[in-house]
Each structure stands twice: as structure tokens, then as C-alpha cells.
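K.L.:
Dropping a structure here in C-alpha cells format, bear with me for questions.
What follows draws every value from the coordinates through simple rules; no lab data is involved. Quick caveat, the model's predicted, so the values are computed rather than measured. Cβ atoms come from the backbone with ideal geometry, glycine included; neighbour counts cover every protein chain shown.
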Amino acid sequence: MKDSNFLKEHNGRLMWHPMTSPQDSIDNPPKIITGSDGVTITDVDGHSAVDGVGGLWNVNLGYSCQPVKDAMTAQLDKLPYYSTFRGTSNDVAIELSYELNKFFEPDGMSRAFFTSGGSDSVETALRLARQYHKLSGEAGRTKFLSLKKGYHGTHIGGASVNGNTNFRTAYEPLLPGCFHIPAPYTYRNPFNETDPEKLAQLCVQALEDEIAFQGAGTIAAMIMEPILGAGGVRNGILLITDEVITAYGRTGAWSGARLWGIQPDMMCTAKAITNGYFPFGALMLGHRMVDVFENNPDAKIGHGYTYSGHPVGAAAALACLVETKRLNVIENAAARGDQLFAGCQALMEKYDIIGDVRGGHGLMTAIEMVSDRTSKKPIDAATASTVQEVAYQNGAMVRVSGPNLILSPPLVVTQNDCNILLSAIDAGFAAA
Ligand SMILES: Cc1ncc(COP(=O)(O)O)c(C=O)c1O
């Protein structure tokens, strides 16, 4: 390995990083991670921290999951690649579709389309939604609805349904025909409503108003992340749940759809499907999609990725499913999620800098930082990064995104790991 100085010097100069400016990578060099063990990561200077981010919401089983590593190594020796484009397939991809269809059967899913990640799964869902309506004789249904504040990856389709200005403006004009409705975000919403039930009703009303305004017959699908709330689907509009984060146990349920007791038409999954060890994703398809695509000789899917059904990714995903079920990770996700949520609420009593704490559904907790609780003015970037840096020095890697400090550790964290995370962020807030 090149030495620490070489890596630090060349990182910002030679590599553009996602979601940051090239200059920022030079001015504020990132932590260079070089090692891992269990749920702990180690940087190039030898400093270790509990990974409160879980890689990027994907390393659900931690960094030392030997059965997954063994399955990938064995697959590399046997068949490192073969395509699933027309005319060929591979045994592991077939076995994986069998297992995934069983896993997501309670959500009404019965087919899989493999991708290389979350943005690909979203893109596939949007395309297949339009094709579904064309095949059903309703070619006028082309529009998409989504929630403000939602995140659906970075392809042009996904960016168009994204509900965050930061991911949109630089790339406009985006796809026409994408419309956003308010999300049930109790801390800040256009209705000034803090009661979750009432707010949900207002958002549903906004959704119904938008459908009526656009004309129901022009809308192809609604896409949303399940943890943001419940949505209604009717008028022939397809429902796509973007479960890139929520599938495979993170919410304390096996999927976000199951958490809310809904059955979508398509579910976008990726991330934890391979525990972050291989770029891979699966779009799961429900019976409405199956009925239309499988009973129509014209239903040729003109879409796919070189790495759709990649055998090494499929082998990793099969081993992840076995481990995820064997460890019954939803139980620990729920218990440790409650611990972190309660711990963050206790910190809110201590620090005015904390404006809002969100969580309560597994290992997805966010602290929204403000510089003034009354006006809810968002925290400045320098103070937010002090919290992050001091937490890191105290043994916790946490993610700061805008004014939010996000905790999404592996689902196998222990009570003690969570205590370390909480006391490290406590130190971060004390310093800020
Ligand atoms: C809900 C959701 N959808 C889509 C994506 C995009 O996934 P990827 O970064 O694997 O392309 C993400 C990534 O964080 C996500 O959280």
C-alpha cells in the first residue's frame, strides 16, 4: 500500500468524489479508510471507530461476514462472469431469483430484474412503469409522482423524481412530467402541522389534489421511500416503493412495505442485498407487472445492464440472505434502533443545537441540527462538521448530510457499540 502522505496528497487531486465539490475534497480531505473488523473501521492513520453509517446504509452484516466472502471467492473460481442478456443465463442468478421471490412473497412480489445498484433499480422501475401502461393500452400514462425530500438515486430518471433541490438544479432540465407532493415531515412542512396523523391526512389530500389536477389517466406511477410514510394508490397508478435502504431488515421489518402493511407493484432494492461487498441490486415485480408483461408477445424489455445477474453479486446476495435470516437481524435492528433513538432523544434534552430527532423504526435515526430552536435556522456547515469530527475522534464514524446527523450502523451492532456511538456524539455536541 502507498504511504499515508501519498494517499492524502493524491486523493483530492486525482479523484472526483460523489456528492462533493472537487475543491472541497482538497480543502477538507476525507477520512481514508483502509481496514475493518466486525463493525469497526480503521483509517490510514490507524485510528479506529465504530461505523455508525454502516458503509453507506449497506453493510448490514458488518465487515467480517465470512460466509459472504467465502461464497464470493468460490464463485470467482467457478464462474466470475456471465451475462443474463437474451440467449444466456447463469445458475446463481436463477437460484437468487428463486430465493428473493420467496423472501418478498409476503409483499406480493414474484419476479426479479437484476441491476448494478440502487439508481439502476429505480431507473428500471420507472421505465417498466411506462412500458406497463403502453402494453396495457394506456400510452398516455407517462408522468411520475414522488415526495419532496425523497431520494431516488442519481440517474436522470431518479434525479427527476428526487425531491431535494441540491440533487436537481445543476442537472436541469430533468425529465418532464415529474411532480412532487409534500412529505409527512413533522418538523418542517408547509402546513405548520406537527401532529403526525393530521399531517399524513394533509399530505394524502395534496396527493389526491395533484392526481386530480394532472388527470389520473396521465400518471404512470408514484415512487416513494416507505419510511417517509404511507401513500394511497388508485386510479390505475402503479406504486413503486424505493426500498434501496429499507429492504432486508433495516427498519426492524423485512421490508418497508411490510412495515406498513402495503403491497406495492414494484420494489427497488440494492445496498444490503450484497452487504456492500459487491455492486448489485434487484427490482422486484408484483403480479400486476407479471400479468401484463408475461401475457404479451410484444413485451420485449429494451433495458438491462451488463452486470444484471452478475454471478459473483448473485453468490454474495444468496449468502447474505442466508446470514440475514439465520441471524434474524430484524430483532436486533429493532432493539438497537430503540436504544439509539432513546439515546438521541436524551441528547436533545441536553443540547439546544438539536432541533429534531427522528427514528423509531429500526436502525434509521437522524438528528436535525439547528442554530436556533425557535426559528429552526439550520446549523452552519462548520459547526456540523465539528460535531462529526469530534465524534470521530471519540470513536464513532457518523454521517452529516446538510443539517442532519445520520445514524445507520450495521444491523449486527451490540448494545455496547451503540453506547460508544452515543457517547461519541455526545462529545461532538459538547464541543460544538
Ligand atoms: C432510497 C434510495 N434510492 C436510491 C438510491 C441510489 O442507490 P445507489 O447509490 O446504489 O445508486 C439510494 C442511495 O442512497 C437510496 O437511499
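K.L.:
Closer than 19 Å to Gly281 by Cα and more than 12 Å from the ligand (Cβ to nearest atom): which single residue out of Gly158, Gly140, Gly108 fits that description?
P.N.:
Values: Gly158 fails: more than 12 Å from the ligand (Cβ to nearest atom); Gly140 fails: closer than 19 Å to Gly281 by Cα.
Exactly one residue qualifies, and that residue is Gly108.
K.L.:
Continuing with this model, one more query. Look through region 113-132, keep the residues that are away from the ligand (no atom under 16 Å from the Cβ) and surrounded by fewer than 23 Cβ atoms within 10 Å (Cβ to Cβ), and return whichever of them is nearest to Pro176 (Cα to Cα).
P.N.:
Arg130
Residues are listed down the side, and each one gets a yes or a no for (1) within 20 Å of Leu407 (Cα to Cα); (2) of a type in the set (Ser, Thr, Tyr); (3) within 16 Å of the ligand (Cβ to nearest atom); (4) in contact with an Asp or Glu (Cβ under 7 Å, 6 or more places away or on another chain):
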{"residue": "Leu14", "(1), (2), (3), (4)": "no, no, no, no"}
{"residue": "Gln23", "(1), (2), (3), (4)": "no, no, no, no"}
{"residue": "Asn28", "(1), (2), (3), (4)": "no, no, no, no"}
{"residue": "Ile32", "(1), (2), (3), (4)": "yes, no, no, yes"}
{"residue": "Gly35", "(1), (2), (3), (4)": "no, no, no, no"}
{"residue": "Gly38", "(1), (2), (3), (4)": "yes, no, no, no"}
{"residue": "Ala49", "(1), (2), (3), (4)": "yes, no, no, no"}
{"residue": "Val53", "(1), (2), (3), (4)": "yes, no, yes, no"}
{"residue": "Leu56", "(1), (2), (3), (4)": "yes, no, yes, no"}
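K.L.:
Search region 91-105 for residues being closer than 23 Å to Leu79 by Cβ and among the charged types (D, E, K, R), and hand back the single one that is farthest from the ligand (Cβ to nearest atom). Steps first, please.
P.N.:
Narrowing region 91-105 to residues closer than 23 Å to Leu79 by Cβ: 91-101.
Next, from what is left, pick out any that are among the charged types (D, E, K, R): 91, 95, 99.
Values: Asp91: 25, Glu95: 23, Glu99: 21 Å.
By that ranking, first place goes to Asp91.
K.L.:
If you don't mind, another one. Give region 182-201 a look and list any residue that's part of a helix (DSSP H, G or I) and surrounded by fewer than 16 Cβ atoms within 10 Å (Cβ to Cβ), or say none. Show your work before the answer.
P.N.:
To start, the set of residues in region 182-201 that are part of a helix (DSSP H, G or I) comprises 196-201.
Hits for region 182-201 are Pro196, Glu197, Lys198, Gln201.
K.L.:
I need a count of the residues in region 243-281 that are among the β-branched types (Val, Ile, Thr) and more than 25 Å from Ala220 (Cβ to Cβ).
P.N.:
3
K.L.:
From the residues in region 161-181 that are more than 15 Å from the ligand (Cβ to nearest atom) and assigned to a loop (DSSP other than H, G, I, E, B), which one is nearest to Thr142 (Cα to Cα)?
P.N.:
Gly177
K.L.:
Quick one: Ala253 ticks every box in (1) of a type outside the set (D, E, K, R); (2) more than 20 Å from His361 (Cβ to Cβ); (3) crowded, with 20+ Cβ neighbours inside 10 Å; (4) away from the ligand (no atom under 15 Å from the Cβ) except a single one, so which number is it?
P.N.:
In the conditions (1) of a type outside the set (D, E, K, R); (2) more than 20 Å from His361 (Cβ to Cβ); (3) crowded, with 20+ Cβ neighbours inside 10 Å; (4) away from the ligand (no atom under 15 Å from the Cβ), Ala253 misses (2) alone.
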